[in-house]
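Inspection log for the structure reproduced underneath, given as structure tokens.
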Amino acid sequence: MPPEPFLEKLNQIKNGINTLPTLLGELELDGTKFSTLFKLANKYENMNDKASAREMINAILEAGTDSSGAAAFQSILYDARETRDPTPLIVYADKNPNSENSINALQEAMYLVRQRGVDPELEANLYIRVVNANKDPNSGYLNGFAWRMSELKLNLDLALEKVNWAIENEIDEKNKHMYIDTKAEVLWKMGRVEEAIAEIEKCISFDSEDKYYGEQLEKFQKSQNPA
């Protein structure tokens, strides 16, 4: 963490703000309070204590204080992670398109599908839904989307559109050329080799010492004249 947020976090711990002992003390005073139980669930989840996190969520559901539906979503999320089945998350997103948890559901489902590695089209479709649902586009995220589509060899036209947006809206030159490399890879997968070479040459001009950029150029050139 950067120095200032780190110092702020240390002060919170020193003052007992949202620490595990403080929250457990609050739980003893009121075992049904939503905010305490939900904070504890998140705390236990961050500690990878899944059983205790599930216990806190179940306590919220049993108390009937889950007016926002946050605990219900966490319960679905825990089930999906345990079973490695993305279906409940996809169903949740379909039924609750306006929920703030909808994007989280789609993203978690996408990761589960990716981990299984048996349905690349479903992974790609979920990724597109996440990208489309995000109202605040992020260059790094869109670059990641484009790169993944290049790996899957799916939706390459959309990948090119998104990485072009990332390049145009990135102010950091190092990141910008990383995204240009992604664009080159997408173009290469589309069979547009000359364009791919032109893009990767921009990266080499920016950083001629980068070995990876040179390897990319060699890969593209070899595909033009396979042995």
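Tabulated results
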item	result
Subset of segment 11-29 [in contact with a Ser or Thr (Cβ under 9 Å, 6 or more places away or on another chain) and surrounded by 14 or more Cβ atoms within 10 Å (Cβ to Cβ)]	LEU23, GLU26, LEU27
Failed criterion for GLU161 (all others in (1) among the acidic types (Asp, Glu); (2) assigned to a helix (DSSP H, G or I); (3) closer than 30 Å to PHE34 by Cα hold)	(3)
Boolean, ASP66 is at pLDDT below 95 and either hydroxyl-bearing (Ser, Thr, Tyr) or assigned to a loop (DSSP other than H, G, I, E, B) (or both)	yes
Some residue of segment 129-142 being surrounded by 14 or more Cβ atoms within 10 Å (Cβ to Cβ) and in contact with an Asp or Glu (Cβ under 8 Å, 6 or more places away or on another chain)	yes
Cβ pairs under 7 Å, 6+ apart, first in segment 146-161 and under 17 Å from GLY117 (Cβ atoms) and modelled with pLDDT of 95 or more, second of a type in the set (Gly, Ala, Ser) and surrounded by 18 or more Cβ atoms within 10 Å (Cβ to Cβ)	MET149/ALA124; MET149/ALA159; SER150/ALA159; LEU152/ALA124; LEU154/ALA124
Matching residues in segment 171-204 - criterion: being hydrophobic (A, V, I, L, M, F, W, C), part of a helix (DSSP H, G or I) and under 16 Å from ASP157 (Cα atoms)	ILE180, ALA184, VAL186, LEU187, TRP188, VAL193, ALA196
Filtered residue count, segment 11-27, keeping only those that are more than 20 Å from GLU45 (Cα to Cα) and in a helix (DSSP H, G or I)	2
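The values are calculated or read from the model by the stated rules, or taken from the named source; none is laboratory data. Because the structure is predicted, anything quoted here is derived from the model rather than measured. Glycine gets a Cβ as well: all are built from the backbone with ideal geometry, and neighbour counts include every protein chain shown.
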